[in-house]
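Report on the structure given below.
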Amino acid sequence: MGFRFQKRLSILPGVRVNFSKGGVSTSLGPRGADVNIGRSGVTTNAGIPGTGLSYRSKLGGHGGKLGILALIVGLGFWAFQHFAKIEKMIAPQASDIARIRPAQTPTAHAVQVAPALAPQTTASVRYVHRAGSVLRDSESLSGKSLKKEAKGAQVTLLESDGAWAKVQDGEIVGWMRLSVLGAVPPD
């Protein structure tokens, strides 16, 4: 029985240095869909998490194109799993924009917002139309879960803007997707 040694050191998100008995290598990309550069050359690795299925190919050989295709598919799968985090990095939230841009005072030339498009600010009763809908601490799918609401639960709508609604359920105030709320109780 031979001894093995392996240690991974994460330097940046998606960049790892691998130490083993065979030498040092570098992996680029998320685990399960990465490119490894080491002493034995460049290899691509792509796998489907939780299934045990994976594909590994050395670049430059006959399987190079298939390896690159498998890597692209693996990266797409990873991006699909982490969509909420990626969305938050790409599209700033309204609260982030308010922090970046100072409030502007209206001028004589300011355009008035049509009442139908203005954010709703009056409190009104709404009903949850989807079981397990999550009340979160921020306007984001990655926001901390405060409570899971049952279908038909009654909440007080405090304000709505875009895809999110600020609601109150008893003592808890948080954010829910506006698409799961309705003005009438569900069937």
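The values are calculated or read from the model by the stated rules, or taken from the named source; none is laboratory data. The shown structure was predicted, so the numbers you read here are calculated from the model rather than taken from an experiment. Because the Cβ atoms are built from the backbone with ideal geometry, glycine has one as well, and the counts that use them run over all protein chains shown.
Listing for the model above:
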read-out	value
Conditions (1) surrounded by 13 or more Cβ atoms within 10 Å (Cβ to Cβ); (2) modelled with pLDDT under 90; number of the one not met by Ile97	(1)
Selection count, the range 135-164, where residues are touching a residue at least 40 places away in the same chain (Cβ under 8 Å) and not hydroxyl-bearing (Ser, Thr, Tyr)	7
Selected residue (criterion: surrounded by the most Cβ atoms within 10 Å (Cβ to Cβ)) from residues of the range 7-54 that are within 19 Å of Phe77 (Cβ to Cβ) and β-branched (Val, Ile, Thr)	Thr44
Residue in the range 134-143 that is assigned to a strand (DSSP E or B), β-branched (Val, Ile, Thr) and in contact with an Asp or Glu (Cβ under 9 Å, 6 or more places away or on another chain) present	yes
Residue list for the range 15-37, filter: at pLDDT 80 or above and within 24 Å of the chain's Cα centre (by Cα)	Val15, Arg16, Ser27, Leu28, Gly29, Pro30, Ala33, Asp34, Val35
